[in-house]
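K.L.:
Pasting a structure below so you can have a look.
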Amino acid sequence: MVVMTEAVWRCRDRVLPLGERTLLMGVVNVTPDSFSDGGRFLDTDDAVKHAMQLAADGADILDVGGESTRPGAEPVSLDEEAARVVPVIERLRTEAPDVAISVDTRHPEVALAALAAGADIVNDVTAASDPGTIEAVRTSDAGLVLMHMQGEPRTMQADPTYGDVVVEVRGFLAERIEAAVAAGVARDRLCADPGIGFGKTTAHNLALLRDIASFRWLGVPVLVGASRKRFIGELSGVDDPAERVEGTAGAVAWCAAQGVDVVRVHDVKEMARVVKVVDAIARTGRA
Ligand code: HH2
């Protein structure tokens with residue numbers, strides 16, 4: 001049984017409830033090269049249509065990204081990245097007013113443009129390593145996802161090495177939370193993510209997921225993005241990332257049962273059904 005405390009995640013003027021249920025962050029990749037759906041939604045209309053479907057399927061947050069962070073991906077220019085995400089965010093802001101919008105970027109310039117277009121959250125796979133991102137979040141009162149990554153996308157899967165992966169990743173996130181708070185970001189704006197697949201072997205991913213409940217000690221909501229990732233394909237014997245739905249459901253069910261607050265997923269309709277059942281079993285406070 002997961003015993004939850006009353007808490008919220010504040011993102012600009014939105015208040016996301018924590019504890020009652022597992023929140024769903026739907027992935028909207030406006031990229032030609034994302035690992036599981038690259039090129040499908042590069043056009044603004046296609047991306048908005050896809051995002052609206054995810055919202056209808058039950059997404060609480062739409063995570064709009066314009067740069068692939070898959071292992072081996074080449075960086076894109078800031079102008080190109082902003083040109084991909086800003087028109088999509090502007091449209092979603094008016095067409096999906098009830099859904100929170102995050103921008104998946106490691107660049108403060110893109111974060112600022114996305115916030116100006118109406119984004120509520122900055123999702124940064126470098127845990128706001130650029131002080132400009134902290135400043136953009138502080139001045140806008142946006143939410144901020146701090147994610148752990150060892151190395152950088154192009155090379156991170158070459159030879160990831162840890163002593164104790166759980167202790168190191170959790171310790172890193174604790175430091176980044178304190179750094180953000182020291183720089184003036186309110187603690188209730190923050191969210192922590194162990195960065196599944198970012199400079200991690202399958203064994204590292206599994207160790208982090210096995211011990212994910214301990215990340216609740218960080219005192220901020222915990223987000224996990226395991227959806228369709230390589231280790232899921234490896235474990236379930238499925239090559240095509242788009243076909244890794246059942247394996248993803250296994251990881252999502254585990255996370256929901258362990259009290260993870262937000263799961264970042266591609267298959268929102270299916271995972272909404274999964275978390276409804278697991279939340280009803282695992283979370284207290286229900287009739
Ligand atoms: N994973 C991906 C991208 N952004 N952000 C957070 N906070 N956590 C994650 O686990 C995470 C993330 C990778 O998935 P995807 O966006 O589908 O692929 P790509 O980076 O190739 O666009």
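Since every read-out is calculated from the coordinates, none of them should be taken as a lab result. None of the values given here were measured: they were computed from a predicted structure. Glycine also receives a Cβ, built like all others from the backbone with ideal geometry; neighbour counts cover every protein chain displayed.
K.L.:
Would you please name the residue that is farthest from Val8 (Cα to Cα), looking only at residues in region 181-212 that are of a type outside the set (Lys, Arg) and touching a Gly at 6+ places or on another chain (Cβ under 7 Å)? Outline the logic, then answer.
P.N.:
Filtering region 181-212 for residues of a type outside the set (Lys, Arg) gives 181-186, 188, 190-199, 201-209, 211-212.
Next, only the ones that are touching a Gly at 6+ places or on another chain (Cβ under 7 Å) stay: 191, 193, 196, 199, 205.
Working: Cys191: 11, Asp193: 17, Ile196: 24, Gly199: 30, Asn205: 27 Å.
Once the filter is applied, the top-ranked residue is Gly199.
K.L.:
Restricting region 18-33 to residues that are within 20 Å of Lys269 (Cα to Cα) and part of a strand (DSSP E or B), which is nearest to the chain's Cα centre (by Cα)?
P.N.:
Result: Met25.
K.L.:
Also, I was wondering about something else. List pairs: first residue in region 42-63 and acidic (Asp, Glu), second residue in a helix (DSSP H, G or I) anywhere in the structure, Cβ distance under 7 angstrom, at least six positions apart or on different chains.
P.N.:
Asp57/Val268; Asp57/Lys269; Asp57/Ala272
K.L.:
Moving on to the next point. Go through (1) out of contact with any Asp or Glu (no Cβ under 6 Å at 6 or more places or on another chain); (2) within 14 Å of the ligand (Cβ to nearest atom) for Thr133 and report which single condition fails.
P.N.:
So Thr133 meets the others, but not (1).
K.L.:
Related question: Give me the pairs, please: first residue somewhere in region 74-97 and assigned to a helix (DSSP H, G or I), second residue anywhere and polar (S, T, N, Q), beta-carbon distance under 6 Å, and either six or more positions apart or on two chains.
P.N.:
Pairs found: Pro87/Thr44; Val88/Thr44.
K.L.:
Considering only residues that are more than 16 Å from the ligand (Cβ to nearest atom), of a type in the set (A, V, I, L, M) and surrounded by fewer than 19 Cβ atoms within 10 Å (Cβ to Cβ), which ones fall in region 61-105?
P.N.:
Answer for region 61-105, where residues must be more than 16 Å from the ligand (Cβ to nearest atom), of a type in the set (A, V, I, L, M) and surrounded by fewer than 19 Cβ atoms within 10 Å (Cβ to Cβ): Leu78, Ala83, Ala96.
K.L.:
Any chance region 120-130 includes a residue that's more than 14 Å from the ligand (Cβ to nearest atom) and of a type in the set (A, V, I, L, M)?
P.N.:
No - not one qualifying residue is present in region 120-130.
K.L.:
Just the residues that are more than 15 Å from the ligand (Cβ to nearest atom) and either at negative phi or among the charged types (D, E, K, R) (or both), please, taken from region 42-60. Spell out the reasoning first.
P.N.:
Within region 42-60, the first condition is being more than 15 Å from the ligand (Cβ to nearest atom), and the residues that meet it are 43-46, 48-49, 52-53, 55-58.
Once the filter is applied, which keeps residues that are more than 15 Å from the ligand (Cβ to nearest atom) and either at negative phi or among the charged types (D, E, K, R) (or both), region 42-60 yields Asp43, Thr44, Asp45, Asp46, Val48, Lys49, Met52, Gln53, Ala55, Ala56, Asp57.
K.L.:
Go through region 106-135 residue by residue and tally those that are out of contact with any helix residue (DSSP H, G or I) (no Cβ under 7 Å at 6 or more places or on another chain), small (Gly, Ala, Ser) and either crowded, with 24+ Cβ neighbours inside 10 Å or under 18 Å from Glu80 (Cα atoms) (or both).
P.N.:
Final tally of qualifying residues: 1.
K.L.:
Give the residue, chosen from Gly118, Gly143, that is at positive phi and either touching a strand residue (DSSP E or B) at 6+ places or on another chain (Cβ under 7 Å) or among the polar types (S, T, N, Q) (or both).
P.N.:
On the way: Gly143 fails: at positive phi.
Only one candidate passes the filter, namely Gly118.
K.L.:
A further question follows. Condition test on Arg106, is it assigned to a loop (DSSP other than H, G, I, E, B) and in contact with a Phe, Trp or Tyr (Cβ under 7 Å, 6 or more places away or on another chain)?
P.N.:
no
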